[in-house]
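What follows draws every value from the coordinates through simple rules; no lab data is involved. Bear in mind the structure is a predicted one, so any value in this text is a computation, not a measurement. Because the Cβ atoms are built from the backbone with ideal geometry, glycine has one as well, and the counts that use them run over all protein chains shown.
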Amino acid sequence: MNPLPDPAVQVLQVATVFVFAPGISGVIATVEARVQGRRGPRVLQPYYDLGKLYRKETLVPENASWVFLAAPLVAFVGYLSVPLLIPVLTTYGLPLGYQGDILGGGFLLTLAGFVTALAGADTGAPYAQLGSSRAMTFGALVEPTILFVVFTVAAITATDLPYHEAATVRSAAGQIVRPAHLLAAAALFMAILADTGRIPVETHASTLEFGMIDEGRTLEHSGPALALFRHASAIKQLVLYTILANVFLVPWGLSSSGRPASVALAIGTLLAKAIGIGCVVAVIDDSFAKLRLYKITEFCAAAFVLSVLAVFTLFLGGS
Amino acid sequence: MGTAPGAFAGAASTVAALVLLIEFAMLRAPMLRSQIRLYAVQSFVVSALAGIVAHDRRIGELYVLAVLSFLLKVVAVPLVVSRLLRDADTEIAGTGAFGVASEFLIAIVVAAFGFFAVGTLHISSAVLPRSALALAAAVVLVAFVLIIVRSDVISQAVGFFSLENGVSLASLVVAAGLPLILEVAFLFDLLVAVVVFGILMRVHHGRSATLSTAGLTRLRG
């Protein structure tokens, strides 16, 4: 069969994330329930939830401005453009793949998070504002960790392109066991736990407003706007898992050409990796308690120590 | 920096980095038992590294050292310390002079100083990568931070013991071929320290009925 043209593969990268992101959330919810000894929701439940929300009407709080309605769209598009920049399915950079480096992807993620917080603050409702304020505070504590992970990548590959880091990891066994790589991957995993609102930072599906951080921001949204936010946060989760798996932990199984068969295989392995990470997250969710709000700084400090040590060990001969 | 180290060098430095990470974890250990357990795990990692070096570099004596340090530091010391303090209350959370996150930041700065100070000495070793020695120096300095900022006897004693772990790590790097008798002598030094610290901890707990050393600053007539 003829190889797919590069733009088609690029569209497929975005489409894969768009279509399967809620499914990954569904798998995590199911695994989490099974570990607790419950039957849990269907794997497809997030899709049904989204469908239900899209059919409902949007209610806007009295004092809200246009930001309230624009934010879901901006956040959704922001998260969905990150897959253009990272190795989702291919080992080689696609036409738009070098438009932004890791920092570029980070900016997109941050923009989407910022807009979501802005929408929460715009409502004037206390819980949404609480969520916005907390999300920005703890986001600022996680940010240094992400920066030092980027420094590590930059020092290892002399670029800050995710494709190069993945290629470096694939190149030799010594690259995998070197402390810089392992520490950076561990730090990134902890940052992802914090960013996706998982235990030990936040109870994911909690309905208690006082414990909410990320979830709190969208409390005032309803209908299609809420559906967009829900879908966007699932996309963010899958994007972050993809970065962890395809750039750091297991950058194997990616397609090195545009042949339909190998691209299809890459989609399958991507989902398998994401589900694997999801299972780990689900087990962590079930085996630890949520940290008290003021103890979250300790979690962030631990992640920061890992990422700083990763940069340290790169000096003195690189091992 | 772009070239990868060999698999052995990479793995060895990772294990050394693990020792430093456990030292950081001691800064926030909330319970008497978790502090002792952290020390046992750290000692286990150091013993394991000795075993790995012995295997890879074919130094037979290091096997003996690995086994001895395992028996002493992973089994005996934690057992003795927890026996001595079996009637003490177990909570030691919040004995730090600062918040945990601030202590981590201080420890990072201090560790960075040790790391790069040793790095500039250009001491190279035949058995372990250079960064392992720098990590060992960082372990020693973070152990000092632990002893200084936490005001409970158990953290201070474990801080001292883990300082010895950092020194063992350093001795693995620079003197893996050291005569066995010297290494064993160091281990027995540790044993003496454990006995002395154990008695001190016990006396302190017996007199003040607490593990905290905060009361020691008051003058007594």
Could you state the angle between the C-alpha long axis of helix A:223-243 and the longest principal axis of the C-alpha atoms of chain A, as a value from 0 to 90 degrees rounded to the nearest 10? 20 degrees
Just checking the output field for B:104-110: average partner chain Cβ neighbours within 10 Å of each residue's Cβ? 3
Per residue of A:56-66, other chain Cβ atoms within 10 Å number on average 0
Whole angstrom only: what separates the Cα centroid of region B:114-164 from the Cα centroid of region B:16-38? 13 Å
Among A:Lys273, A:Lys56, A:Lys236, whose mean-square fluctuation peaks in a Gaussian network model of chain A (Cα, cutoff 10 Å)? A:Lys56
Hypothetical label at A:Ala70: residues of region A:107-147 whose amide nitrogen lies under 13 Å (7 Å Cα-Cβ projection): A:115-116, A:118-119
Hey, in the GNM for chain A with a 10 angstrom Cα cutoff, which one of A:Ala121, A:Ala173, A:Ala302 fluctuates hardest? A:Ala173
Separation between the B:Ala126 and B:Ala7 pseudo-spin-labels, each 7 Å from Cα along Cα→Cβ, expressed in nm? 2.4 nm
Would you mind checking the tilt of helix A:66-81 against the longest principal axis of the Cα atoms of chain A, expressed as 0 to 90 degrees and rounded to 10? 20 degrees
For the protein assembly as shown, what are Rg and Dmax over the alpha carbons, in angstrom? 25.8, 93
Taking Lys and Arg as +1 and Asp and Glu as -1, residues besides A:Thr145 with C-beta under 14 Å from its C-beta add up to -3
For peptide B:13-19, compute the average count of partner chain beta-carbon atoms within 10 Å of each residue's beta-carbon. 5
Centroid-to-centroid separation of region A:169-248 and region A:273-319 [C-alpha atoms, Å]: 11 Å
Longest principal axis of chain A (C-alpha) makes with the long axis of helix A:6-35 (C-alpha) an angle, in degrees to the nearest 10, of 60 degrees
Taking only the C-alpha atoms, wrap a convex hull around region A:6-315 and report its volume per residue in Å³ as a whole number. 127 Å³
Taking 7 Å along the Cα-to-C-beta vector as the label spot, tell me the B:Val109-A:Val283 distance in nanometres, rounded to one decimal. 3.9 nm
Send over the semi-axes of region A:164-319's equivalent ellipsoid, whole angstrom and largest first, taken as the square roots of 5 times the C-alpha gyration tensor eigenvalues. 30, 24, 12
Spin-label zone in region A:210-229 - amide nitrogen under 20 Å from a point set 7 Å from the Cα of A:Arg38 along the C-beta vector: A:210-216
